[in-house]
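> This is the structure, below, for whatever I ask next.
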Amino acid sequence: MTSMVSGEQARRLEKAYGGKVMISEPMKKHTSFQIGGPADALVEPHDVEALRRVLQWAWSESLPVFVLGNGTNLLVADEGIRGIVVRVGPGLDGITFEGECVRAGTGVSLPALARECADHGLSGFEWAVGIPGSLGGALTMNAGAYSHTVGDVTREVRMVGLDGALSVKTGEEMQFAQRSSRLSHGDSIAYQALLALRPADPGSVRARMAEYMKDRKVKQPLHLPSAGCVFQNPSGRGAGRYIDAAGLKGLRVGGAEVSQVHANFIVNAGGATARDVLILMGVIRRTVYEKFGVDLVPEVRVVGG
Ligand SMILES: Cc1cc2nc3c(=O)[nH]c(=O)nc-3n(C[C@H](O)[C@H](O)[C@H](O)COP(=O)(O)OP(=O)(O)OC[C@H]3O[C@@H](n4cnc5c(N)ncnc54)[C@H](O)[C@@H]3O)c2cc1C
């Protein structure tokens, strides 16, 4: 695959935004699946102004931009990603409390944010403690668990357009839906959100978080790399139940395997490629459709190629 970013452009980008540019950076180092070929260039802006400078520079060079959070919902192609990958993480992860609300940078990890909220005696975010993504990824995916979603508590989101323009959207304007939001189009990067919670006893919030963690340890294959649930749950029944009932648990293509623990997880059992996972996803979809007439919709985002 030919890179879209030359060495000379990488040097200019470093100057333009005031940070490091990683060239041909293996995406398998940045995804929970531990799968994915090289990104032409990967940057980690240290604050909002640096983020804007990266976006304005890429815009002026007509280079495509992909936003990366913690990479826990992604299947990155073996060929990698062309253009600039912008990682929103440390530096954009500050947390401040405003009464019963928390204002957080979208680079913060959900478990860290959930624990901070508990320590401040705020309830409404404990369900997120076992989700390994960032707040930005959660706002994009409308992440959720145990009958809660991030959309339920989002009051406001601050974002930057690919041209560097700043904007603020209310929770309603975010268009939260099943595992999607207005950020799903990839034309804006969220850098901060205001979440509305409610006061509670920190001990009882922590106790609920401990229960959620215990539940995940029993029900999910946390000992192997994965990207969480591969398919969205069709209405009425979990996708995993269809996959299990179709007898697909343990089915393997190369290094990719339908988890024995949770049928809606594909695990990287060793050296899996994106191609292995895509073939396995195809087999699962076809088999479940033939047996139950249900067309499973992927939840994992397939990027690059
Ligand atoms: C073990 C395990 C358990 C999981 N359990 C759950 C669960 O219970 N519920 C659930 O909903 N999910 C779950 N997930 C999936 C995943 O953690 C969530 O979808 C999470 O919100 C993704 O966040 P991320 O930072 O990793 O996003 P990434 O995977 O990095 O990106 C996902 C999408 O968000 C976009 N994006 C990321 N950051 C930003 C930003 N700042 N601005 C704009 N766009 C952005 C990306 O471009 C991409 O399209 C699980 C995953 C694993 C591995």
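> Hey, got a sec? Which GluC sites (Glu not before Pro) in the stretch 1-88 land in a DSSP loop and have at most 16 other Cβ atoms within 10 Å? Mind dumping the intermediate values first?
Working: sites: GLU8, GLU14, GLU49, GLU61, GLU79; in loops: GLU61, GLU79.
Passing sites in the stretch 1-88 are GLU61, GLU79.
> In the stretch 1-80, which trypsin sites (Lys or Arg not before Pro) are in a loop and have at most 15 other Cβ atoms within 10 Å, using DSSP for the loop call?
On the way: sites: ARG11, ARG12, LYS15, LYS20, LYS28, LYS29, ARG52, ARG53; in loops: LYS20.
Loop-located and lightly packed - LYS20.
> When the helix-only estimate is applied to the chain (DSSP H runs of n ≥ 4, each -39,500 (n - 2.57), divided by the residue count), what is the mean residue ellipticity at 222 nm, nearest 500 deg cm²/dmol? Numbers along the way, then the final one.
Working: 8 runs with 89 residues, N = 305.
The helix-only estimate for the chain comes to -9000 deg cm²/dmol at 222 nm.
> Please list, or write none, the lysines whose alpha carbon is within less than 25 Å of the alpha carbon of LYS217, excluding same-chain residues fewer than 8 places away.
Excluding near neighbours in sequence, the set is LYS28, LYS29, LYS249.
> Now for a separate question. Express the relative contact order of the stretch 7-87 as a whole percentage, based on alpha carbon pairs under 8 Å and six or more residues apart in sequence. Provide the component values of the computation, followed by the final result.
Working: 151 pairs, mean separation 28.9, N = 81.
Relative contact order of the stretch 7-87: 36 percent.
> Please compute the length gained on full extension between ASP201 and SER6, using 0.36 nm multiplied by the number of residues separating them and subtracting their Cα-Cα distance. Please report the intermediate quantities before stating the final value.
On the way: separation 195, 0.36 × 195 = 70.20 nm, distance 5.45 nm.
Value of the extension gain: 64.7 nm.
> Give the Rg/Rh ratio for the stretch 221-303, taking Rg as the radius of gyration of the Cα atoms and Rh as the Kirkwood radius, to two decimals.
Working: Rg = 11.5 Å, Rh = 12.4 Å.
Using only Cα positions, Rg/Rh for the stretch 221-303 is 0.93.
> Moving to a separate point now. Kindly report, to the nearest 10 Å², the accessible surface of ASP93 as traced by a 1.4 Å probe over protein heavy atoms only.
My reading of the accessible area for ASP93 is about 70 Å².
> Still on this structure, please answer the following. Keeping every protein chain present and rolling a 1.4 Å probe, give me the accessible area per residue for the stretch 133-209 in Å². Let's see the in-between values first.
Numbers: 3320 Å² over 77 residues.
Per-residue accessible area for the stretch 133-209 comes out at 43 Å².
> Give the relative contact order (percent, whole number) for the chain; include only Cα pairs under 8 Å separated by 6+ residues. Walk me through the intermediate numbers first.
On the way: 663 pairs, mean separation 53.2, N = 305.
After rounding, I find 17 percent.
> Counting only protein chains, not ligands or nucleic acids, how are VAL258, VAL67 ordered by accessible area (probe 1.4 Å), most first? Before the final figure, lay out the partial values.
On the way: VAL258 0, VAL67 45 Å².
In descending accessible area the options line up as VAL67, VAL258.
> Now for a separate question. Let me know the shape class of the chain, please: from the alpha-carbon gyration tensor, a ≥ b ≥ c as square roots of the eigenvalues, rounded when a/c is under 1.5, otherwise prolate if a/b is greater than b/c, or oblate.
Values: a/c = 1.89, a/b = 1.10, b/c = 1.72.
Verdict is oblate for the chain.
> Also: Using only the alpha-carbon atoms of the stretch 48-130 as identical scatterers, what base-10 log of I(q)/I(0) does the Debye formula give at q = 0.15, 0.16 Å⁻¹?
-0.69, -0.75
> Kindly state, as a whole number, the per residue volume in cubic angstrom of the convex hull around the alpha carbon atoms of the stretch 7-87.
Numbers: hull volume 6.4 nm³, N = 81.
Dividing the Cα hull volume of the stretch 7-87 by its residue count gives 79 Å³.
> Using a 1.4 angstrom probe on the protein heavy atoms only, line up ASP244, ASP40 by accessible area, largest first. Intermediate values should be presented prior to the final figure.
Values: ASP244 75, ASP40 5 Å².
Solvent-accessible surface, decreasing: ASP244, ASP40.
> With every protein chain in place, what's the accessible area of ARG208 (1.4 Å probe, Å², nearest 10)?
Spelled out: ARG208, probe radius 1.4 Å, area about 80 Å².
> A further question on this structure: How big is the Rg/Rh ratio for the stretch 95-204, C-alpha atoms only, Rh by Kirkwood, two decimals?
Details: Rg = 13.1 Å, Rh = 13.7 Å.
Rounded to two decimals, Rg over Rh is 0.95.
The values are calculated or read from the model by the stated rules, or taken from the named source; none is laboratory data. Values in this document were obtained by computation on a predicted structure and should not be read as measured data. Using ideal geometry, Cβ is built from the backbone for each residue, glycine included, and neighbour counts are taken over all protein chains shown. Please note that ligands, DNA and RNA were not included when accessible areas were found on the heavy atoms of the full protein model with its side chains. Shrake-Rupley method; radii C 1.70, N 1.55, O 1.52, S 1.80 Å.
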